[in-house]
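The values are calculated or read from the model by the stated rules, or taken from the named source; none is laboratory data. In this text the structure is predicted, and so the values were computed from the model without any measurement. Every residue, glycine among them, receives a Cβ derived from its backbone with ideal geometry; neighbour counts consider all protein chains shown.
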Amino acid sequence: MTGLTAYVGFFEVGKPKKGDFVFVSAASGAVGQVVGQLAKIAGCYVVGSAGSDEKVSLLKTKFGFDDAFNYKSETDLGAALKRCLPDGIDIYFDNVGGATLDAALLQMRHGGRVAVCGMISQYNLEEPDGLRNLFCIVPKATRVEGFNVGGWFHVYASFEEEMAGYIKEGKVAIVEDVVVGIESAPAALIGFFSGRNVGKQFVAIAKA
Ligand SMILES: NC(=O)c1ccc[n+]([C@@H]2O[C@H](COP(=O)([O-])OP(=O)(O)OC[C@H]3O[C@@H](n4cnc5c(N)ncnc54)[C@H](OP(=O)(O)O)[C@@H]3O)[C@@H](O)[C@H]2O)c1
């Protein structure tokens, strides 16, 4: 499901062109790690953000991101984006919303696309953050489009065939995070919101 999310969000909503500058947030996660690798296959320059130095290293070494930064240790997200993407962003694949989305909107190139996949930074807030930089989508003709994977299962067969090829050819690597036993599920779920997981979070249920 998360692989299909990455695939349709990047190709169908992001509409990449070779040489595009791509930014992915929650980039080491289940969706983000696949988006980054698909962006490289599509001939793009890709930068990711993640919440620890270990995850940043994983992005560059395991998943082939061109650059990455730890958003938790940056004091100015806009400055981090300018440093990593000095010519701006053609596609922002948004997994987190909030301050990261606001900073990315300012760095979009003319005609850029924001594929809004999720806003995990907002899910547990009593009051969602507001966006201050929304107006810049007007002069830059930015397309901001949300999508839900539930509406895209008709492309599953072609996705599966294409992605299986990439995995067999070693062009896409997958990192999963497995905890064992149903009793581990609550902590794993809570850990999702503090970035404890690295990649798709599974709970393995032992056989009786
Ligand atoms: N549109 C759809 O159909 C669809 C389908 C599936 C998933 N989604 C969405 O896609 C996004 C990623 O899902 P996933 O399954 O790939 O999850 P994931 O990235 O594997 O796990 C969640 C990650 O989000 C990051 N995070 C948590 N709180 C954050 C915050 N306040 N600010 C920034 N980052 C935060 C953490 O990584 P760090 O250590 O990097 O902070 C955490 O590890 C979520 O927003 C999810 O709701 C959408």
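Residues that are within 10 Å of the ligand (Cβ to nearest atom), among the charged types (D, E, K, R), in a loop (DSSP other than H, G, I, E, B) and not assigned by TED's automatic domain parsing to the domain that holds Phe65 do not occur anywhere in region 169-176.
Of everything listed in (1) in contact (Cβ under 8 Å) with a residue 12 or more places away in the chain; (2) surrounded by 14 or more Cβ atoms within 10 Å (Cβ to Cβ), the single unmet condition for Asn124 is (2). Report yes if some residue within region 39-52 is over 21 Å from Leu105 (Cα atoms) and either of a type in the set (Lys, Arg) or within 16 Å of the ligand (Cβ to nearest atom) (or both); otherwise report no. Checked against the condition, which is being over 21 Å from Leu105 (Cα atoms) and either of a type in the set (Lys, Arg) or within 16 Å of the ligand (Cβ to nearest atom) (or both), region 39-52 yields at least one hit. Restricting attention to region 1-55, the residues that are in contact with a Phe, Trp or Tyr (Cβ under 6 Å, 6 or more places away or on another chain) and either of a type in the set (Lys, Arg) or not in a helix (DSSP H, G or I) (or both) total 8.
I'd like the residue in region 177-208 that is polar (S, T, N, Q) and within 14 Å of the ligand (Cβ to nearest atom) and, out of all such residues, is farthest from Ser121 (Cα to Cα). That would be Gln201. If you check Asn70, Asn148, Asn95 for being surrounded by 13 or more Cβ atoms within 10 Å (Cβ to Cβ), free of Cβ contacts under 8 Å to residues at least 40 places away in the same chain and either not small (Gly, Ala, Ser) or not assigned by TED's automatic domain parsing to the domain that holds Lys17 (or both), only one passes: Asn70.
Here is the figure for region 151-162: residues that are surrounded by 10 or more Cβ atoms within 10 Å (Cβ to Cβ) and in a helix (DSSP H, G or I) total 7. Consider Val179 carefully, then state whether it is on the phi < 0 side of the Ramachandran plot, modelled with pLDDT under 95, surrounded by 13 or more Cβ atoms within 10 Å (Cβ to Cβ) and of a type outside the set (Lys, Arg). When the stated conditions are applied, Val179 passes them. The set of residues from region 82-122 being near the ligand (Cβ under 10 Å from one of its atoms) and either of a type in the set (Val, Ile, Thr) or not in a helix (DSSP H, G or I) (or both) comprises Phe93, Asp94, Asn95, Val96, Gly97, Thr100, Ala115, Val116, Cys117, Gly118, Met119, Ile120. The set of residues in region 90-101 being touching a Leu at 6+ places or on another chain (Cβ under 7 Å) and either closer than 25 Å to Lys17 by Cβ or of a type in the set (Phe, Trp, Tyr) (or both) consists of Asp94, Thr100, Leu101.
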